[in-house]
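**Student:** Here you go, one structure.
Nothing in this text is a laboratory measurement; each read-out follows from the coordinates by a stated rule. Keep in mind it's a predicted model, so treat the numbers as computed, not measured. Note that each Cβ is placed from the backbone with ideal geometry, even for glycine, and that neighbours are counted across all protein chains shown.
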Amino acid sequence: MCCLITTQPFTRAPALATAAAAAGTTGKAFRLAINVTGYPLPAVIAGTPAAGTAGTYPVTITATSSSGRATAHLTLTISP
């Protein structure tokens, strides 16, 4: 799973603030906010994991602006 966050032009490179791990449950709404410096609102990964999708997933998140790029990695664990 991968996510790309593109910010408005800023004078400094973005930085990401997120936990190293997140967890969800199949059939229940999931939401993870990711703070990006220089962007007024957090980026959000949200959804409801479908039945049969339980497992552990590596997630790479990248934020890019005209001043640079930041990458963060986390592990998303979905329980049945």
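A quick yes/no check of all residues on (1) exposed (fewer than 12 other Cβ atoms within 10 Å of the Cβ); (2) in contact with a Lys or Arg (Cβ under 8 Å, 6 or more places away or on another chain):
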position	(1), (2)
13	no, yes
24	no, no
29	yes, no
32	no, no
36	no, no
41	yes, no
50	yes, no
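**Student:** Which of the residues that make up region 11-35 are small (Gly, Ala, Ser) and farther than 14 Å from residue 57 by Cβ?
**Tutor:** Of everything in region 11-35, those that are small (Gly, Ala, Ser) and farther than 14 Å from residue 57 by Cβ turn out to be 13, 15, 17, 19, 27, 29, 33.
**Student:** Continuing with the same structure: Just to check your reading of the model, which residue among 54, 72 is closer than 27 Å to residue 14 by Cα, aliphatic (A, V, I, L, M) and in contact with a strand residue (DSSP E or B) (Cβ under 6 Å, 6 or more places away or on another chain)?
**Tutor:** 72
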